[in-house]
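Visitor: Let me give you the structure first, and then I'll get to my questions.
No lab work stands behind these numbers, since they all come straight from the coordinates. Predicted model, so just to flag it, every value in this text is computed and none were measured. Using ideal geometry, Cβ is built from the backbone for each residue, glycine included, and neighbour counts are taken over all protein chains shown.
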């Protein structure tokens, strides 16, 4: 195997191509748009920066954000400093950076739409822009809804989420995330180098589009975001269920999937960039070592087992209750009341806290959190009594 075709020039495809080309493979990346502005937050957490430091040290424009604010469906707010900053790129800039690195490593790029892939022949046959191309192996990194490989099933509607949003030409220095009551998803405002990405994500079919847009417009108004020159966007992203992560086939004799195509996305936070990069990297490692069959196991050991657990608890996190209130509301309140709980959320935001050990950590510090909660109530009561005695 020497010739590899990669369908999709996003983070997964570009990094996979870079790694393969650096190890002597002849790599061609097909993408109908190459670097383009994908509608998402664009945040890279600490684990992404730790794995790929060039993302922090690149000279490309980006925003390094250290402060976040969570807002509950009941209007409670909690602002905190993250334990590690989040680096935010415009996706067109990030995709361009990764494609440039792939080309520098030896990849060729073709700006063309791949309409079919045939893996049943002695060599893989692709049709791109009406022309037939051949390769020894194909990597599909073309997004959540592609149907290029008949050997695997496309993601079902319940494995997808709809995003609506605006690119707003204004600047801010804080990430905002707002939860809604009994709603599996959230609203966000992510500051980029020269604009905000403001949006809403929700499970496919949960709410009609006009309701999502109303929630989004309400959020924009409540946060006083100036909308002059704003551009609207809409997109479909993966939000896989546990059984999909566990059982979906992502590799065959002469093909494999990475990134969104392989449903490598956090079902709770929606983070996808780290998992896209890591999946492309792990696939390249498996191919370089001649051990393609190990790719699914490498993915599971690295993160997919953790994402499977996250998927199993996602609905409970967004729609469940705790101590008589919504879990998301209690979470925002505890951020204000408990320094111990605040440290936990900081680590979740930075990506240094995985889901499988999260429950154990919550239970282990539950007593301390409750003690801090009681102390806060007593202090608040004393402050209120003092204020009431003043003339």
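Visitor: Pick from 201, 319, 16: which residue has the top mean-square fluctuation in a GNM of the chain where Cα pairs under 10 Å get a spring?
Guide: Fluctuation is largest for 319.
Visitor: So what's the angle, to the nearest 10 degrees on a 0 to 90 scale, between helix 305-319 and the longest Cα principal axis of the chain?
Guide: With rounding to tens, the tilt is 40 degrees.
Visitor: Right, here's the next one. Take the alpha carbon gyration tensor of region 250-385, find the square roots of its eigenvalues, order them as a ≥ b ≥ c, and report rounded if a/c is under 1.5; if not, report prolate when a/b exceeds b/c, else oblate.
Guide: prolate
Visitor: In percent, what relative contact order does region 156-239 have, based on Cα pairs under 8 Å that are 6 or more apart in sequence?
Guide: Reported as a whole number, the value is 44 percent.
Visitor: Cα axis of helix 91-105 to longest principal axis of the chain: angle in degrees, 0 to 90, nearest 10?
Guide: 40
Visitor: Okay, next question. Please label the shape of region 90-198 as rounded, prolate or oblate, based on the square roots a ≥ b ≥ c of the eigenvalues of the alpha-carbon gyration tensor (a/c under 1.5 means rounded; beyond that, a/b larger than b/c means prolate, else oblate).
Guide: It is oblate, given that a/c is not under 1.5 and a/b is not larger than b/c.
Visitor: Would you look at the GNM of the chain, springs on alpha carbons closer than 10 Å, and say which of 242, 51, 262 moves the most?
Guide: Maximum fluctuation in the GNM of the chain, among the listed residues, is at 51.
Visitor: Which of rounded, prolate, oblate describes region 156-239, given a ≥ b ≥ c as roots of the alpha-carbon gyration tensor eigenvalues and a/c under 1.5 marking rounded, otherwise prolate only if a/b is larger than b/c?
Guide: prolate
Visitor: Below 8 Å, C-alpha to C-alpha, sequence gap of six or more: please give me the relative contact order for region 1-143 in percent.
Guide: 37
Visitor: Out of all DSSP beta bridges in the chain, what portion is antiparallel? Express it as a percent rounded to 5.
Guide: Counting only bridges with both partners in the chain, antiparallel ones make up about 70 percent.
Visitor: Please tell me the relative contact order of the chain in percent, rounded to the nearest whole number, where contacts are Cα pairs under 8 Å and at least six residues apart.
Guide: The value is 20 percent.
Visitor: What whole-number distance in Å separates the alpha-carbon centres of region 321-344 and region 2-40?
Guide: So the separation of the two Cα centres works out to 42 Å.
Visitor: If packing is taken as the average number of other Cβ atoms within 10 Å across a peptide's residues, how do 42-50, 116-124 rank, most packed first?
Guide: In descending order of packing, they fall as 42-50, 116-124.
Visitor: Same structure again: Helix 366-389: angle to the longest alpha-carbon principal axis of the chain, degrees 0 to 90, nearest 10?
Guide: Result, in degrees: 40.
Visitor: Still on this structure: When mean projected area of the Cα convex hull in nm² is calculated directly from the model, which label among (1) 26.0; (2) 21.1; (3) 19.8 fits?
Guide: (2)
Visitor: What residue among 328, 357, 109 has the largest mean-square fluctuation in a Gaussian network model of the chain, using Cα springs under 10 Å?
Guide: Residue with maximal mean-square fluctuation among 328, 357, 109: 357.
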